[in-house]
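What follows is one structure encoded as C-alpha cells, with my remarks underneath.
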Amino acid sequence: VHFRTDWSSAFEIGRKVTAANCADVLAMSGTTDYLLVAVALTGGETMQWITDLARGIKYEADLAGAHVVGGDISRAKSVVISITAVGSTVKAIARNGAKVGDGIYLSSLTGWSAAGLAIMESKFTSATDAYARAVGEFKSPTIDYGFDATRASALCDISDALVIQATQMADSSKVAFKFDLSKIQSCSEFVELESLSRALEIDIWKWIFAGGEDHVLLATGVDLPGLLIGEVIAGTGI
C-alpha cells in the first residue's frame, strides 16, 4: 500500500506518487521529461481533494523539470494512481557496472521513510525536527534531483530497501558490497534518525538497511558526491 488517504492529504499523495516515478528515471542518470497520469476515483472524492491531488502532482513535476502531457480518469472501488514517466539521458547508467575498488555512495541517508511509517503506525508524537522530517519523508519523499551521478559506474534508487537494491547491484556486477557502519554513523543525519529509533525502541539499522520508499540514489564510483558508506570488493553479495 503506497498511500493511505486517512494519513496523507491529496497534495502529499500526488507528490509521493510523482516522486516515485521520477526517481526511477533519475536512477539511470536520466531526466524526466514527460508524465502520463492515469487516475481511478471512487466518485466520493470532493473537487477540492481532486484539485489538491493534481496540484501535488504538478508541484513535484515542476521540481523534476517534467511536464504532465496527458492521461486518463476513470471510476473504481478504490483510488488508484498510475504514472508513466518518460525521460532522457546522454548516458544511461545501469546496476551492472560496479567495479572492485569503487566506493559505495548514497545521495542522502536512508531510513527516514521507514521511520515515518513507524511513527504513523505507533501514533507516537514529538515536537522535534527529526519527527517532522520522518513523517514528511514518508508522506512525500525528498528526491535528490540535483545529485550528479554522471560519473557513477552503477546506479539505482532505494525503493524497496538498501539491502535489496545493493544485492541486486552486487549480483548484476558480479562483485560484493562491503558496508562500513562507522561511516554511516558519522553522517550528520544519523544522530537525528537515531533519536527517533531510541524513542520508538526500534533498531535504527532496520530502518537504514531494510526500510524502503526513500528513493535515495545508491551509486558506485570514485569521488562521487553524497555519503561514502562502503566499498566494492571481490566476492558475491553484501
Calculated FRET value between residue 63 and residue 236, using beta carbons and R₀ = 30 Å, to 0.05: 0.20
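Just to confirm, what accessible area per residue do you get for the chain at 1.4 Å probe, in whole Å²? Please list the in-between numbers first.
Working: 11390 Å² over 238 residues.
Roughly 48 Å² per residue, with all protein chains present.
With both partners inside the chain, how many of the DSSP beta bridges are antiparallel, as a percent to the nearest 5?
Details: 25 of 34 bridges.
Of all bridge pairs located within the chain, approximately 75 percent are antiparallel.
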Proximal lysines relative to residue 16, as straight alpha-carbon distance under 19 Å, when same-chain residues fewer than 8 apart are discounted: 58, 139
Environment charge of residue 16, counting only residues whose C-beta is closer than 9 Å and scoring Lys/Arg +1, Asp/Glu -1: -1
Within-15-Å neighbourhood charge of residue 48 [Cβ basis; K, R +1; D, E -1]: -2
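Using a 1.4 Å probe on the protein chains only, how many percent of the accessible area of region 55-201 belongs to carbon and sulfur? List each step's numbers first, then the result.
Working: 3810 of 7430 Å².
Carbon-and-sulfur percentage of accessible area, whole number: 51.
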Summed residue charge, Cβ within 12 Å of residue 235's Cβ, Lys/Arg positive, Asp/Glu negative: 0
Square roots of 5 times each gyration tensor eigenvalue, C-alpha, the chain, largest first, Å: 31, 23, 14
Among 25, 163, 79: highest mean-square fluctuation, GNM of the chain, C-alpha pairs under 10 Å: 79
Under 14 Å from residue 183, Cα to Cα: aspartates and glutamates that are on another chain or at least 8 residues apart: 231
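222 nm [θ] for the chain, helices only, -39500 (n - 2.57) per DSSP H run of 4+, per residue, to 500?
Counting only the DSSP helices, I get -11500 deg cm²/dmol.
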Mean-position separation - Cα centroids, region 192-238 and region 59-96, in angstrom: 26
Candidates per trypsin sites (Lys or Arg not before Pro) in region 153-186, loop by DSSP, up to 13 other Cβ within 10 Å: 174
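Keeping all protein chains in place and using 1.4 angstrom, which order do 81, 164 fall into by accessible surface area, from largest down?
Working: 81 25, 164 75 Å².
Correct descending sequence by accessible area is 164, 81.
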Residue of 57, 202, 104 that the Gaussian network model of the chain assigns the largest fluctuation, springs spanning Cα pairs under 10 Å: 202
Choice from 149, 114, 54 showing the highest fluctuation, given a GNM over the chain with Cα pairs closer than 10 Å: 54
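The values are calculated or read from the model by the stated rules, or taken from the named source; none is laboratory data. Every value quoted in this text rests on a predicted model; they were computed, and no experiment measured them. When we count neighbours, we look across all protein chains shown, and the Cβ atoms used for this are built from the backbone with ideal geometry, even at glycine. Side chains are part of the model used for accessible areas, which takes the heavy atoms of the whole protein and leaves out ligands, DNA and RNA. Shrake-Rupley method; radii C 1.70, N 1.55, O 1.52, S 1.80 Å.
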